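Data block below; observations after.
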Amino acid sequence: MDTTAPSEGLGEVVSHYLDKGIVLIIADLLSLITVSSCLVIKVPQINTIRENKSSKGISVFGLCLELFSYTVMMSYNYTSGYDFLSYMEYPVLLLQEYVLIYYVFKYQDMLGKRTQVFAIFYTIIATLIYLKLFPIIILTFLVPFCTPIGATSKVLQLLAILRTKDASSVSRTTWALSAFTNMTRIYTVYVQSHDLMLLSNFLISTFLSLSVFVAACVYKTKTKTA
């Protein structure tokens, strides 16, 4: 039985992949690292709030904007029938966002009737999207707003830290990962597509994530020494 053909085929695939060049291979590796990081990016923040039993310094409105952005992007990809691997990070981020919002609302005493009404409304919309009964034209209209909304959510978080001068409930690990993943996307987008709109988006996101990280470091230290 000839066993050389499969190995030769595999060798050809590897050789063809290596022919892409080191720059594109690094881009693929960074993309894999970015997606992997998204699987746990919110976990440190959730754990910090649970351990402190406080969500002081966390912007509620910023979280809601982030939830809106993740929901629209995942819904648009799902409704459009795109390959799941191309937007796999969004459902994972959403699951983490649900848990994070629950604990933030819990420790800010916001799990009242108004929140329950909004949760029911959100669930109804999500169900319509899952059944593909929600008009895709609305999602298509909302997608371009996700970039400025995502940036606004970071600005609100930064302002929340500066206003309260307390970052005891803010996870520096989460914001460091956020800055890192945005930084890797700058490289991958520049190498693979040169899309100026995406590049500007990730440059702004990197700057804002780093700003939140620095503010969290400064005010967490001040809180400890106070």
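The values are calculated or read from the model by the stated rules, or taken from the named source; none is laboratory data. Since the structure is predicted, the reported quantities are computational estimates derived from the model, not experimental observations. Cβ sites come from the backbone with ideal geometry, for glycine too, and all protein chains shown count toward neighbours.
Things to note:
To keep it simple, each residue is scored yes or no on (1) β-branched (Val, Ile, Thr); (2) assigned to a helix (DSSP H, G or I); (3) closer than 29 Å to Asn52 by Cα.
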{"position": "Asn77", "(1), (2), (3)": "no, yes, no"}
{"position": "Pro91", "(1), (2), (3)": "no, yes, yes"}
{"position": "Leu94", "(1), (2), (3)": "no, yes, yes"}
{"position": "Gln116", "(1), (2), (3)": "no, yes, yes"}
{"position": "Ile125", "(1), (2), (3)": "yes, yes, no"}
{"position": "Leu133", "(1), (2), (3)": "no, no, no"}
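- Residue within region 72-88 that is surrounded by fewer than 20 Cβ atoms within 10 Å (Cβ to Cβ), aliphatic (A, V, I, L, M) and either without any contact (Cβ under 8 Å) to a residue 24 or more places away in the chain or under 20 Å from Ile137 (Cβ atoms) (or both) present: yes
Listed here are the residues, each with its yes/no results for (1) surrounded by fewer than 19 Cβ atoms within 10 Å (Cβ to Cβ); (2) within 20 Å of Phe68 (Cα to Cα); (3) not charged (D, E, K, R).
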| position | (1), (2), (3) |
| --- | --- |
| Ala126 | yes, yes, yes |
| Leu158 | no, yes, yes |
| Ser168 | yes, no, yes |
| Asn182 | no, yes, yes |
| Leu199 | yes, no, yes |
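- Scanning region 180-188 finds one or more residues that are closer than 19 Å to Pro148 by Cβ, aliphatic (A, V, I, L, M) and out of contact with any Asp or Glu (no Cβ under 6 Å at 6 or more places or on another chain).
- Residues of region 30-75 satisfying the condition of being assigned to a helix (DSSP H, G or I), over 16 Å from the mean Cα position of the chain (by Cα) and of a type in the set (D, E, K, R): Arg50, Glu51
- One residue stands out among those in region 42-71 that are of a type outside the set (A, V, I, L, M, F, W, C) and free of Cβ contacts under 8 Å to residues at least 60 places away in the same chain: the one that is nearest to Tyr102 (Cα to Cα), which is Arg50.
- Looking only at region 56-71, and only at residues there that are at pLDDT 90 or above and either touching a His at 6+ places or on another chain (Cβ under 9 Å) or of a type in the set (Ser, Thr, Tyr) (or both), the one that is surrounded by the fewest Cβ atoms within 10 Å (Cβ to Cβ): Thr71
- Leu142 being over 26 Å from Val40 (Cβ atoms), assigned to a helix (DSSP H, G or I) and not basic (Lys, Arg): yes
- Evaluation of Asn47 against (1) farther than 23 Å from Pro148 by Cβ; (2) buried (at least 19 other Cβ atoms within 10 Å of the Cβ) (one fails), failing number: (2)
- Extreme residue, modelled with the lowest pLDDT, among residues of region 75-98 that are closer than 14 Å to Cys38 by Cα and in contact with a Leu (Cβ under 7 Å, 6 or more places away or on another chain): Val92
- Within region 134-146, not a single residue is touching a residue at least 40 places away in the same chain (Cβ under 8 Å), of a type in the set (Phe, Trp, Tyr), surrounded by 13 or more Cβ atoms within 10 Å (Cβ to Cβ) and farther than 19 Å from Tyr78 by Cβ.
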